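Structure record follows, encoded as structure tokens.
Only the coordinates and a few stated rules stand behind these numbers; no lab work does. Predicted model, so just to flag it, every value in this text is computed and none were measured. Methodologically, a virtual Cβ is constructed for each residue, glycine included, from the backbone with ideal geometry; neighbour enumeration extends over all protein chains shown.
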Amino acid sequence: MQDCLFCKIIKKEIPAEIAYEDEQVLVFKDINPMAPVHLIIIPKKHIPALADMDEKDTFLMGQIQLTAARLAVKMGLAEEGFRLVNNCGRDAQQTVMHIHYHLLAGRPLNWPPG
Ligand code: 5GP
Ligand code: ZN
């Protein structure tokens, strides 16, 4: 997708602090962190939002969760805890229309988020 910000990060047309990358998945630091640890986890396939997910994306989205879990464990976050968040659509304040999960950690995280 030509005009997608996260596709541009995938293509390295826009710089980002990359924390993990493989054939299907990219993880980078959020430019405006909401917690001491704030990573964005995306599939390299352009899917606009969680509501657009298709059955054929099931394995890919599983890889997203597995990547988040492995990174969290590797970074020593599992004991204190962390949060994996997907914002879908306007009311959830999704601002970038390329499906992504936020990995947040490093401080107590309020619930409900408001
Ligand atoms: P959303 O609100 O769509 O769930 O989250 C989008 C996230 O992308 C926001 O937390 C925002 O700070 C982050 N973001 C927006 N533009 C950029 C950028 O150019 N680089 C990086 N690294 N993060 C970005
Ligand atoms: Zn995209």
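State all residues of the range 6-34 that are within 14 Å of the chain's Cα centre (by Cα) and surrounded by 15 or more Cβ atoms within 10 Å (Cβ to Cβ); if no residue qualifies, say none.
Result: 6, 7, 9, 10, 16, 19, 20, 25, 26, 27, 28, 30.
Are any residues in the range 5-23 part of a loop (DSSP other than H, G, I, E, B) and in contact with a Leu (Cβ under 6 Å, 6 or more places away or on another chain), and if so, which ones?
none
Among the residues of the range 57-101 satisfying the criterion of being over 17 Å from residue 45 (Cα atoms) and in contact with a His (Cβ under 8 Å, 6 or more places away or on another chain), which is farthest from ligand 2 (Cβ to nearest atom)?
Applying the filter and picking the extreme gives 83.
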